Structures are given as structure tokens and as C-alpha cells.
Amino acid sequence: QDYVFLNQFLKILALSVYKSNSFEEINRSINFIKGIDDEIKLHINDCKKSKIPLKSLNNIMVEKANSSYTDHVLSVGKNGDNLDIFSCLSVCIIGYGEIGFNLSKIKNWKKSKYSSWIKMYSSKEYQQVAKDNIDYLDILLKNNKGKKLNTLKRSFKKSTILERNFWECFV
């Protein structure tokens, strides 16, 4: 499901390139796209270890909890701008950084079956991606001068609920 999610995430980031107002914004979106490459490689390596054919990843039935979040962000992005897009995506981008960082502080985390994921999300590289998202949100919000703060809050709250639902569909 996460592999499918990342495919949709890339489309959302491509939309953010389209919605960009400067080369700096385009480059920021492209850098986020490049950052997803590590996550995709992690999926591919996990599949190889588990002897799951890579071709089968293209035939995964998408869970409703998965498509609900990405459909929401795509809808918000189509009707909004990069502030709308990245405020919705921050639930994932910043959230995974926080979760990975906190899990890496737990004793024996390296013995977890999710250790490769914890390692990636707690890495200096991913922590920089999360920080870049925070910095970019600050810039976008400053340029917006708070004109749509209530709309952003509603979209962020909905994104948080949908992301949580995505996680819970695997419990």
C-alpha cells in the first residue's frame, strides 16, 4: 500500500511543480520528488528479500484508506496552490520524520522488522527533508499573509485523520 501511496505522492509533487510560481519553488518540489527515490528503493529491496516479484507491485489493489488521503491532497492541490499542497503533505513528510526519529531512540529498535524504515526516516537525509518541508511551509505561509488560515487548518486536520486511517488499515 505504501508503494502505491508513493506513486500517488509523486503525482501530487508533480502537481506542485506545475503550481510553482518560481524556479526556486520548482526546484523545491523536484528535490522532494528526488527524496522519494530512497523510499521506493527500500520497497524494492524489501520485495527482493521477501521474494515478491516486482511486477506484482503494479497489480496491488488500493485500499480505500490509502486512496482517500491521496485523493484529498490531489483535490486540495488542484483547487489550491503549493501552500495547500504542502500543508496537506506535511502530515506525512514531517510526521514520518518525527516518528522515525522517536522510534530510533527506543532501545533495540534495530531488531525490529521495521528497522530499515526507522533507519531511513531517522536518517540525517530524511530529517533534512522534513526540515525543508517546515522551512518551505514557513515561506509559503509568510507569502500568503494568513489569508486562508482557516481553510489550511481544515485541510491539515482532514489530512491528519486520513493519514491516521491509512496507518490503521494495517493494524
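Descriptive notes on the structure:
- Qualifying residue in segment 93-110 (condition: touching an Asp or Glu at 6+ places or on another chain (Cβ under 7 Å), of a type in the set (D, E, K, R) and closer than 18 Å to LEU137 by Cα): no
- Every condition in (1) farther than 17 Å from PHE156 by Cβ; (2) in contact with a Leu (Cβ under 8 Å, 6 or more places away or on another chain) is met by ASP84 except one, and the failing one is (1).
- In segment 1-58, the residues that are in a helix (DSSP H, G or I), small (Gly, Ala, Ser) and in contact (Cβ under 8 Å) with a residue 24 or more places away in the chain: SER16, SER29, GLY35
Residues are listed down the side, and each one gets a yes or a no for (1) charged (D, E, K, R); (2) more than 29 Å from GLN128 (Cβ to Cβ):
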site: ILE52; (1), (2): no, yes
site: ILE60; (1), (2): no, yes
site: SER67; (1), (2): no, yes
site: LYS78; (1), (2): yes, no
site: ASP84; (1), (2): yes, no
site: CYS92; (1), (2): no, no
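A quick yes/no check of all residues on (1) farther than 15 Å from ARG28 by Cα; (2) among the charged types (D, E, K, R):
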{"residue": "ILE85", "(1), (2)": "no, no"}
{"residue": "GLY100", "(1), (2)": "yes, no"}
{"residue": "TRP109", "(1), (2)": "yes, no"}
{"residue": "SER122", "(1), (2)": "yes, no"}
{"residue": "LYS131", "(1), (2)": "no, yes"}
{"residue": "LYS142", "(1), (2)": "yes, yes"}
{"residue": "LYS157", "(1), (2)": "yes, yes"}
{"residue": "ARG164", "(1), (2)": "yes, yes"}
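- Index of the failed condition, LEU54 passing every other in (1) of a type in the set (A, V, I, L, M); (2) more than 17 Å from the chain's Cα centre (by Cα); (3) more than 23 Å from ILE118 (Cα to Cα): (3)
Each reported figure results from applying straightforward, stated rules to the coordinates on display, with no laboratory input. The shown structure was predicted, so the numbers you read here are calculated from the model rather than taken from an experiment. Counting neighbours? That spans all protein chains shown, and the Cβs are built from the backbone with ideal geometry, glycine included.
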